[in-house]
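Asker: I'd like to ask some things about the structure below.
The values are calculated or read from the model by the stated rules, or taken from the named source; none is laboratory data. As the structure is a prediction and not an experimental result, all values here were calculated from the model. When we count neighbours, we look across all protein chains shown, and the Cβ atoms used for this are built from the backbone with ideal geometry, even at glycine.
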Amino acid sequence: MKLLEDRIRKDGTVKAGNVLKVDSFLNHQMDIDLFNEMGKEWARLFTDCPITKILTVEASGIGIACVAAQHFHVPVVFAKKTQSLNIDGEVYSTKIQSFTHKKVYDVIVSKKFLNPEDHILIIDDFLANGCALEGLLEIVSEAGATVEGIGIAVEKGFQKGGDLIRSKGIRLESLAIVESMNAETGEILFR
């Protein structure tokens with residue numbers, strides 16, 4: 001998606017350790033007009049799928065998923081990183097390792113929000129090593145629901161996550177795939 005690639009070139013910053021900072025428009029301060037265009041694109045890409053819910057993980061994926069959901073007219077369910085008093089009843093749970101935070105999270109989804117009749121579109125902001133997606137796929141599998149596909153805003157194509165997910169036969173639509181980036185020069189190349 002050229003609009004997203006252009007925005008990454010303009011406002012993204014490459015940091016040491018393969019970190020791409022896009023916090024001025026994607027995952028701290030959010031550009032809702034950009035999110036709306038991203039949602040339209042995923043709706044176009046997944047128009048042939050009977051999506052009943054969008055699933056994401058706390059926290060950066062929530063804003064993108066909510067705006068995208070308007071184009072599918074479905075609810076958003078997000079996996080919470082902590083057990084809280086407002087979650088009652090049984091939950092699906094898994095562990096997710098964060099590339100950015102270098103931390104393992106226990107994530108949960110209430111069983112009342114995912115069921116075998118659901119057709120799920122997973123949406124997230126970044127795909128690096130695929131750990132978050134692996135966890136979400138595990139939760140969908142536990143629920144007996146169907147994964148129709150995955151929508152990613154920014155995929156780091158030089159890391160293993162995209163290949164891992166595609167090797168499972170899962171439809172993955174990334175709106176911007178970073179082929180390489182250089183912390184010294186700030187250069188970002190896209191596929």
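Asker: Run down Glu187, Glu142, Glu138, Glu134 and say which single residue is closer than 23 Å to Val19 by Cβ and without any contact (Cβ under 8 Å) to a residue 60 or more places away in the chain.
Answerer: Glu134
Asker: Working only within the stretch 92-104, note down all residues that are of a type in the set (Phe, Trp, Tyr) and at pLDDT 85 or above.
Answerer: If the condition is that a residue be of a type in the set (Phe, Trp, Tyr) and at pLDDT 85 or above, then Tyr92 is the only one that fits.
Asker: Those residues that are hydroxyl-bearing (Ser, Thr, Tyr) and within 15 Å of the chain's Cα centre (by Cα), I need them from the stretch 31-56; list them, please.
Answerer: Here is the first cut: in the stretch 31-56, the residues hydroxyl-bearing (Ser, Thr, Tyr) are 47, 52, 56.
Within the stretch 31-56, just Thr56 meets the criteria.
Asker: Continuing with the same structure: Go through (1) surrounded by fewer than 19 Cβ atoms within 10 Å (Cβ to Cβ); (2) assigned to a strand (DSSP E or B); (3) in contact with a Phe, Trp or Tyr (Cβ under 7 Å, 6 or more places away or on another chain) one by one and return the number of the condition Val154 breaks.
Answerer: (1)
Asker: Taking the stated definitions as given, is Ala128 surrounded by 20 or more Cβ atoms within 10 Å (Cβ to Cβ), of a type outside the set (Val, Ile, Thr), under 15 Å from Leu45 (Cβ atoms) and touching a strand residue (DSSP E or B) at 6+ places or on another chain (Cβ under 6 Å)? Give the steps one after another, and end with the answer.
Answerer: Working: surrounded by 20 or more Cβ atoms within 10 Å (Cβ to Cβ): yes; of a type outside the set (Val, Ile, Thr): yes; under 15 Å from Leu45 (Cβ atoms): no; touching a strand residue (DSSP E or B) at 6+ places or on another chain (Cβ under 6 Å): yes.
Considered against the rule, which asks whether it is surrounded by 20 or more Cβ atoms within 10 Å (Cβ to Cβ), of a type outside the set (Val, Ile, Thr), under 15 Å from Leu45 (Cβ atoms) and touching a strand residue (DSSP E or B) at 6+ places or on another chain (Cβ under 6 Å), Ala128 comes out as no.
Asker: Just one of (1) touching a residue at least 12 places away in the same chain (Cβ under 8 Å); (2) out of contact with any helix residue (DSSP H, G or I) (no Cβ under 7 Å at 6 or more places or on another chain); (3) farther than 23 Å from Tyr105 by Cα trips up Leu175, so point out which.
Answerer: (2)
Asker: Scan Ala153, Ala183, Ala79 and give me the residue that is under 14 Å from Ala59 (Cα atoms) and among the small types (Gly, Ala, Ser).
Answerer: Selected residue: Ala79, the only one of Ala153, Ala183, Ala79 that is under 14 Å from Ala59 (Cα atoms) and among the small types (Gly, Ala, Ser).
Asker: Of these, Phe25, Phe72, which one is of a type in the set (Phe, Trp, Tyr), out of contact with any strand residue (DSSP E or B) (no Cβ under 9 Å at 6 or more places or on another chain) and at pLDDT 95 or above?
Answerer: Working: Phe72 fails: out of contact with any strand residue (DSSP E or B) (no Cβ under 9 Å at 6 or more places or on another chain).
None of the others qualify; the one that does is Phe25.
Asker: Condition (residue is touching a strand residue (DSSP E or B) at 6+ places or on another chain (Cβ under 7 Å) and aromatic (Phe, Trp, Tyr)) applied to the stretch 30-46: is it met by at least one residue?
Answerer: Yes, the stretch 30-46 has at least one match.
Asker: So is Ile123 β-branched (Val, Ile, Thr), surrounded by 16 or more Cβ atoms within 10 Å (Cβ to Cβ), at pLDDT 95 or above and more than 23 Å from Asp48 (Cα to Cα) or not?
Answerer: no
Asker: Could you check the stretch 1-113 for helices (runs of 4 or more DSSP H) lying wholly inside it with 2 or more residues that are acidic (Asp, Glu) and either within 18 Å of Ile152 (Cβ to Cβ) or in contact (Cβ under 8 Å) with a residue 12 or more places away in the chain (or both)?
Answerer: Filter on the stretch 1-113 gives 2-11, 32-45.
Asker: Given the criteria loosely packed, with under 15 Cβ neighbours inside 10 Å and either over 14 Å from the mean Cα position of the chain (by Cα) or closer than 22 Å to Lys21 by Cβ (or both), does Glu117 qualify?
Answerer: Yes.
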